[in-house]
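First the structure, in the form of structure tokens, and then the observations on it.
The values are calculated or read from the model by the stated rules, or taken from the named source; none is laboratory data. What you are looking at is a predicted structure, and each value in this text was computed from that prediction instead of being measured. FYI the Cβ positions are ideal-geometry reconstructions off the backbone, even for glycines, and counts take in every protein chain you see. With ligands, DNA and RNA removed, areas are computed over all heavy atoms of the protein, side chains included. Shrake-Rupley method; radii C 1.70, N 1.55, O 1.52, S 1.80 Å.
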Amino acid sequence: MSDEVNTDLLTKRLLYRQPARRWLEALPIGNGRLGGMIFGGILEDRIQLNEDSVYYGGPKDRNNPFAFKNLDRIRELLKEKEISEAESLIRTTMLGIPRYNTAYQPLGDLFIRSLDYKKEPESYLRELDLNLGIVRVIYKIDGVTYIREYFSSAVDDVLVIRLSADKPEMISSLLNIVRRPFDSGTRILPDNRLMLKDKCGDGVEFCLIVQAIAEESGRIETFADSILIDKADSVTILLASQTTFRYHDPQLICESRLVEASKKSYEELRMRHIEDYKSLFDRVELDLYPEDREEITSLSIKERLSRAREGKEDLYLIPLYFNYGRYLLISSSRPGSLPSNLQGIWNDNFTPPWDSIYTININLEMNYWPVEVCNLSECHKPLFDLIERIKENGQRTARVMYGCKGSVAHHNTNIWGDTAPFGRDPYIWTMGMAWLCLHLWEHYRFTLDKEFLTKTGYPLIKNAVDFFLDFLIEDENGNLVTGISQSPENRYRTQDGDTGMMCKAPSMDSLILHELFTAYIISSEILDIDEEYRKEVKKSLKKLPDPKIGSLGQLLEWEEEYEEVEPGHRHQSHLFGIYPGTSITPEDTPELAMAGRVSLENRIKNGGGSTGWSRAWMISLWARLKEGDLAYESLKKLLTDFTADNLFDLHPPIIFQIDGNFGAVAGIAEMLLQSHRDIIELLPALPTDWKDGYVRGLCARGGFEVDIGWKAGRITEAKIRSKNGGLCKIESRNPFTVICDGEKIILKNPGTYLYSFPTEEGKIYILDFQ
């Protein structure tokens, strides 16, 4: 077996030697919208199903009509540090009505019950092949090898299962669909189909249709609530689902999808899925070239995680986790789908934690941190579609709750773009729309897509800016502040011993607004529009409070130095300017960067990074601070303490939350490539243990695609593909030469360790560090 194949077995395959006994051992498949969790049982195989718009409840106007008339009073109470009274007034006048709204729910379960199961298998293998985007189960009984393959096809919009054996007439099974005790039951349709059609309370109506197709020999018939497969050589099972969120008649759409898919052979469906999936997955490659290959080649994922928890090194886990995160992103966010929620698209609970909604004070944004740098720009589209819906609702919230123009969103939203406050706590935080709009700006910075900026990015960014120019008030120092906010989910203690959540000016507010206003100013300059309004935004930008350093040398989280009730809190909101923001860097603001480091160390010392997503955020924070070994330490902590047996990220106690998976992918990329200062930095935070390696296809801002090879911790070669042309700037302490089309390119050296050269669209530039 070649080295490449051996490496793929360790970095692009999740291997198991037994069926899943619980949901967190099952393997996910998805096409962005339609997902499944594969258990791989022999006597009974469960495929737990999800469709991304199956939500209980529907759109509602939850804006509190008493908010605006009490806003000034609450701001005054916060200014006077009457925290308890302010929070009591917030509870009664500003929270959404009703306080909670919708929950993401399972679509149902498909069960495949084997009718020829006689005894325990002689061998068993269950795997997720990340190279192909296919789950496979292989087992042998009485000398017969049975193979099942599962995938969810984006190109044909159906979930596909293949049952086969290496001897004829060995497939005999019973299929049925189960949703919940109170569903309306399944109906038999022509062409060997079963349909489950129902409604989620007062929410969406959904339709799920399953069809079985035998090839060559075998009998298939429907009866009662099941499909019978009798003595078939092989069977293809097709599943289609839709809801009224997208279509007036979901059944009609499902039937149409199945008609088209059933015209194709299994081999054609499989090939079309693989080609579509690999067009995204194969854009990026990461290898770390460890030397302990033979010792772990035959180990299951569960065994490899156990070794890691014992402190044994498995560098192959790093590219595997990186590849798995990219697989999950491709599988849960595609053009036309909804954005990946707290659980991606995979949820087996009718009352899931936090309702599986979109939490936009970190979690939804973290889901999309990897998309641009990992060359999956198309996967950003569902988030942009949601921001459009948020804008419409946010304009009403801005007007009703705050008497302001523009658009605003609070800390949660849903598939309809709800913008009123969620929950029962006194939680008013108006930064949701502002933070989400920074993803529009990042998309432009990576792609330089001026049409996108003109039609989508700029109008939405301006809408968010409109709100804050109307909403911000001057404090006693002449700074512009929100006057009513919080540092997400964290609490402080005053000198009088009172504790509070709400305050007048947390650090994160001004850090987000600094990024938003800057994005607006540069966008308007690029498009050469709204010059007078741009001047107003520039004035407001200058009046935002600067980050402050406390008595311990730390970045302050609030407008003044309070005691932290929970110094190891999971959120690191005051470090936003380091990552994902860009306003605090070791190069340009060294004192603030050092203060950020002190804050991060204090968080960790007091038990911070205590959830998967929080620990994932730390990876990127350390990477931006150029601390590769500390970033790697957080990555290893994530793998050993917050990772399920199927590599899903965990939130204590044992709750799947996908943001940690995606945050870690972004963190790994950030260790290898940075461009947030509009300068490409190669291997800016390489851990000592990653001695040799190669990464291909990462993207840098400015429209560049980058490959990097290194040995003994030193770069040996890099390639820059210019997608748009323009000036390429690289920071490097090691000199290099640049070759394009066999000719040496003249480098300019405008600053210390800074090099630049012009590029042409579509050309490849080789950087030689020998």
**Message:** Please list, by residue number, everything in segment 83-126 whose backbone N is under 18 Å from a paramagnetic label point 7 Å out along Cα→Cβ of ASP496.
**Reply:** 83-90
**Request:** Report, ordered by chain and residue number, the lysines lying within cross-link reach of LYS231, taken as a straight Cα distance under 20 Å and ignoring same-chain residues fewer than 8 apart.
**Result:** LYS118, LYS119, LYS140, LYS167
**Item:** Solvent-accessible area, 1.4 Å probe, carbon plus sulfur percent, for segment 499-581
**Value:** 49 percent
**Asked** What FRET efficiency do you get for THR737 and THR688 if R0 is 22 Å and r is their Cβ-Cβ distance, rounded to the nearest 0.05?
**Response** 0.20
**Prompt:** Sorted by average packing, counted as other Cβ atoms within 10 angstrom per residue and highest first, what order do 398-404, 213-219, 434-440 take?
**Reply:** 434-440, 398-404, 213-219
**Prompt:** Given labels modelled 7 Å from the Cα in the Cβ direction, how far is it in nm from SER84 to ARG272?
**Reply:** 6.6 nm
**Message:** I'd like the Karplus ³J(HN,Hα) series for segment 640-645: coefficients 6.51, -1.76, 1.60, θ = phi - 60°, whole numbers in Hz, and an x wherever there's a Gly or Pro.
**Reply:** 8, 10, 10, 10, 7, 5
**Request:** Mind checking the per residue accessible area of segment 27-163 for me, 1.4 Å probe, whole number of Å²?
**Result:** 34 Å²
**Fill in**
In the structure shown, of LYS462/LYS763; LYS381/LYS729; LYS450/LYS535, the pairs separated by more than 24 angstrom at the C-alpha atoms are LYS462/LYS763; LYS381/LYS729
**Item:** Signed unit charges on C-beta, dipole axis of segment 168-218, positive-most listed residue GLN211, MET195, PRO168
**Value:** MET195
**Prompt:** Suppose R0 equals 22 Å; then what is the FRET efficiency for ASP61 and TYR247 from their Cβ-Cβ distance, rounded to the nearest 0.05?
**Reply:** 0.35
**Asked** So for the pair GLU591, ARG309, with labels modelled 7 Å out along Cα→Cβ, what separation do we get in nm?
**Response** 4.7 nm
**Message:** Positive end of the dipole of the chain, charges at C-beta (+1 Lys, Arg; -1 Asp, Glu), about the Cα centre: which of GLY497, ASN70, ILE766 has its Cα farthest in that direction?
**Reply:** ASN70
**Prompt:** Considering only Cα-Cα distances, which of the following residue pairs are longer than 20 Å: LYS626/LYS691; LYS302/LYS691; LYS312/LYS637; LYS636/LYS711?
**Reply:** LYS302/LYS691; LYS636/LYS711
**Message:** For LYS723, give me every one of the aspartates and glutamates with a C-alpha distance below 12 angstrom, ignoring sequence neighbours fewer than eight places off in its own chain.
**Reply:** ASP449, GLU705, GLU760, GLU761
**Item:** Projected-area mean, the chain, by convex hull of Cα positions, square nanometres
**Value:** 33.5 nm²
**Request:** Could you check the simple spin-label distance between THR351 and THR145, using points 7 Å along Cα→Cβ, in nm with one decimal?
**Result:** 4.8 nm
**Complete:** Whole-Å distance linking the alpha carbon centroid of segment 628-672 with that of segment 1-57 is 19 Å
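Using helices alone, what [θ] at 222 nm do you get for the chain, with -39,500 (n - 2.57) per DSSP H run of 4 or more residues, divided over all residues and rounded to the nearest 500?
-10000 deg cm²/dmol, from helical runs alone.
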**Request:** Sort 29-39, 383-393 for me by packing, meaning the mean count of neighbouring Cβ atoms within 10 Å per residue, highest on top.
**Result:** 29-39, 383-393
**Over segment 281-403 - Rg/Rh using Cα atoms and the Kirkwood inverse-distance radius** = 1.11
**Asked** Give me the log10 of I(q) over I(0) for segment 491-610 at q = 0.17 Å⁻¹, as the Debye formula computes it from C-alpha points; what are the numbers?
**Response** -0.87
**Asked** Among 607-620, 92-105, what's the highest-first ranking by average C-beta atoms within 10 angstrom per residue?
**Response** 607-620, 92-105
**Item:** Between 0 and 90°, nearest 10: helix 317-332 axis offset from the chain longest Cα axis
**Value:** 80 degrees
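Work out the length of the dipole vector of the chain about its Cα centre, built from +1 on the beta-carbon of each Lys and Arg and -1 on the beta-carbon of each Asp and Glu, and round it to the nearest 20 debye.
600 debye
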**Request:** Quick one: grab the alpha carbon gyration tensor of segment 202-268, order the square roots of its eigenvalues as a ≥ b ≥ c, and give me rounded if a/c is under 1.5, else prolate or oblate depending on whether a/b is larger than b/c.
**Result:** oblate
**Asked** Residue by residue, what Karplus-based ³J(HN,Hα) values in Hz, rounded to whole numbers, does segment 91-100 have, using 6.51, -1.76 and 1.60 with θ = phi - 60° and x for Gly and Pro?
**Response** 4, 8, 10, 10, 6, x, 10, x, 6, 10
**Item:** Rg to Rh quotient for segment 387-532, alpha carbon positions, Kirkwood Rh
**Value:** 1.00
**Prompt:** For LYS69, which lysines qualify as cross-link partners when the Cα separation must be under 19 Å and same-chain residues fewer than eight apart are set aside?
**Reply:** LYS79, LYS405, LYS504
**Per residue accessible area in Å² of segment 211-326, where ligands, DNA and RNA are left out and the probe is 1.4 Å** = 43 Å²
